[in-house]
1. Simple spin-label model, 7 Å along Cα-to-Cβ: residue A:17 to residue B:380 in nm?
2. Ranked from the most accessible area to the least, with a 1.4 Å probe and all protein chains present, what is the order of A:94, B:183?
3. If a cysteine in the protein assembly as shown has no other Cys Cβ under 4.7 Å from its own Cβ, put it on the list, ordered by number.
4. Averaged per residue, what accessible area in Å² does chain A show with a 1.4 Å probe, protein chains only?
5. Which lysines, on any chain, are close to residue A:248 with Cα under 29 Å apart, when same-chain ones fewer than 8 places away are left out?
6. Given the options B:6, B:150, B:291, identify the residue whose Cα lies farthest towards the positive end of the charge dipole of chain B (+1 on Cβ of Lys, Arg; -1 on Cβ of Asp, Glu).
7. Take peptides B:356-367, B:252-263 and line them up by average Cβ neighbours within 10 Å, highest first, as a rough protection proxy.
8. Can you grab the distance from the C-alpha centre of region A:1-80 to the C-alpha centre of region B:351-403, Å, no decimals?
Amino acid sequence: MKIIVAIKQVPERDAQVRIDSSGKWIEESEVQYAMNESDAYALEEALQLKEKHSGEVVVVSAGPERVGTTIREALAKGADRAIHIDCSDLAQRDALGSARLLAEAIRGENADLVLTGLQSDDLGYGQTGVILAELLGVPHATLILHVEKTDAGLKVKRELEAGWFQEIELPLPAALTIQSGGNKLRYATLMGIKKAKTKEMRVVSAADLGAAATPVATLQSIELPKKQRSTQIIEGDAKAAAATLVEKLKFEVRVL
Amino acid sequence: MTSLSATLAEPQHFSLPEKLLFFLLLFASIWLFWRRFGPILEKILKSRKDPDFRLAPIGRRIWDFFTEVICQVKVIQQRPLPGLAHAFVFWGFCAFALVTLNHAAVGFGVGFLDPAAWYGRVYFYLAAAFAIACAIGIAGLFIRRFFVRPRWLGKKVSNESGVIAGLIFLLMVTYLAAFFTTDAAPAARLLWWIHTLTLLVFLPLIPHTKHLHLVLSPATIFLKRDGFSHIPPLVGDEDFGLVAGKDITQLVSLQAYSCVECGRCSEHCPATNTGKELNPKEIILGMRGYLNGPGPASEQAILAAEDGTAYVSQKAVFQCTTCGSCEFQCPVGIQHLPIMVGLRRGAVNTGTWEDDYGAKLFNQLERGSNALGISAIERDKFIQKQELPLFDGTQEYCLWLGCMGGYDPKGRDIVAAFARVMQHLGTSFGVLKKEKCTGDPVRRLGNDLVFQTLAEENLKNLAQNKVKNIISICPHCVRTIQEDWKAYGTPPEIEHHTEFMARFADRLQPIQSQEKIVFHDPCYLGRNRNVYDQPRQLVQITGTLIEAPRHRERSFCCGAGGGLAFLGEETGDRVSHTRAQELVATGAQTVATACPFCNTMFRDALGEMNGTAPQLLDVAQLIARNLDS
């Protein structure tokens, strides 16, 4: 089974971000980068499928030169080879623009399965994976926690809301967006890193792929979340106060 | 009975057949010795060369040889009675070297120590005194092994040890008896022959039994690696730690063959003592078994072969807290930690160790900044709330928070208390804006990839901030920064906060208090750094110091070291509970620690105890408490 995993490099979870002068993106030089969390789970799923059914795992990632470290991490964990789409305008692309890049880069691979994280930790569109499936013309399923290969294709477990799960079957080839937490992530090893040095990493430029960057959606501005603290004192007797509290938690704060 | 003026009787004029027989027997004995010892020596020499071995500093080696071999200091100090008995046997053997040479020479008619000459008389009397001591010593050791039977010698009594003890006793008795006869008497000839035959039987037994240490351990002690718990660098692209025979170095081989199976390592091991699989002695004997089997050039895995046989248990290897008791106790110079961590490196660097908690810790430290997996923003918040000054290059000291000091609530209390002490002393200090884990847990768990990244990032950060001197509340940080980072650069000077405070002890307000305080020696402060007196000096400022049964060099681990604080539930008893009970049993009102990991382990252990638990404070908190009042 040939599996392609699309991986994005995103600012580290702890990164203290500052908005740049354009107001449309963050100061990239000030943060450290890591593999997008749900993409790490997509990679883990791919590696486990390969271990069970043999085949090949190819990772693809778009971004500037720094993306190389994340690609090498994926190779170190067990991916067989990689495609690096060299581009510096990823933040300006919408989900369609990113998906086009990925689709053109992997079209010739004729993979059995394309995996990616369900959304990126930076932009969080949650659409790149499904648009990619559409561009490749394969069926897709989202929010996948578990993948099982069957004779007919795949049986997958999706996470729904409120603790519900759905099990569906779909034929191959297919594309899945993977939810975090379905598997336990393996760790990168020294031996893996050394082996990764000898693995193929093909670099293609965005221009060569001919994928248009003309966005259909444009990012106007970004801002840091505002901290809000407000205190309300609920008057009245305990019973009435409790009812008011529940109502406020349900409909104002929406945590119940 | 003859008077004391008697001389040692030596038979004169051996007949040719006698000489021939002696020659043949001597040859056979040496041949039997070599037939076993030769291959062992070959295995040691054919092992991989130690990449970082240096004979320097030679002074340290000579001193270790003098104290540990010649004076038997460690043997006696850590087990006084059997140690002394052993020392008598050892010194007896030393004195006997010349006696034995002369004894064999007599057989060929070329004896060189004339028993009648004044020097011969002096030497043989001296040797007789040693022979008496040696006979008493070996008899004592025999009684201990076969009648007292301490459990650390193993469940099975080794009969060969009994035979060896008998032979040694016979050697001494036949020597002494020769003083009570004359050269011409048939008894002298008989004694000579009994003594000779005993020697000739004894010699080939040496390499077949743990008595191999007679030959090897002086070399092992002289050649052992510099530094305590030193982890050697990996060399080249194929070195991942102790994976297979090809990775076993000459020192590891030499040490494995030197083990005398005395069980001192097991006696002090926190894992062995709490019902876990790990027994350091078995690890060393497992390495020896591997060398005897697949051998030093083999590609077969040490921890688990494809057919399922393992010479050393992986599970056991990952139960080690790296407290270093085994390495400290070992009387024959075995350095357990390079082996233990080496085996872990082999398993982790090649990905054969599968552990959910371990993988989680590694992933956390690959991405995040601390071993607790908490957002770095929480550290910033703590620094702001505590109003800790940021290090800007002008202050004298950089206060290194570490994961526990920066993220753990109790660790933060210790930092806050210590900061108050520094402010009281008027010492200028600052904390770094950003800090990453020193890599201690991943270093001890054998993850060289993550450790190297953390060490290099931290070194870069410290250099950029122009840090010259560091103080830390955590002995693990201190050890890792000072020793382990050396593989990747030059770390700044660092000291533990108890060392710092002890230097200013006269400026810290003492309190005349009857409060009984028991001090727990953290492994990484005590055995790793030899800091025992400074924290005690500080405790005495604030109360009455009392000692737990196991203290200083013999202190018993809290169970957190070696990355184990981050792994799952222990099997058997909890190490922390065993130690906490020992500390509580001293009747102390306060348990004082000097390590945030010990602190967190005892916090949990004391919390689960019945009755009123003593209060638990870091030495810095004890001192800060005085400043408040």
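The values are calculated or read from the model by the stated rules, or taken from the named source; none is laboratory data. Here the structure is a predicted model, which is why all the values come from computation and not from measurement. Cβ atoms come from the backbone with ideal geometry, glycine included; neighbour counts cover every protein chain shown. Side chains are part of the model used for accessible areas, which takes the heavy atoms of the whole protein and leaves out ligands, DNA and RNA. Shrake-Rupley method; radii C 1.70, N 1.55, O 1.52, S 1.80 Å.
1. 1.3 nm
2. B:183, A:94
3. By the Cβ distance rule, which asks for a partner under 4.7 Å, the isolated cysteines are A:87, B:71, B:94, B:134, B:259, B:262, B:269, B:320, B:330, B:398, B:403, B:437.
4. Details: 13830 Å² over 256 residues.
It amounts to 54 Å² per residue over chain A.
5. A:226, A:227, A:239
6. B:6
7. Answer by packing, highest mean first, reads B:252-263, B:356-367.
8. 23 Å
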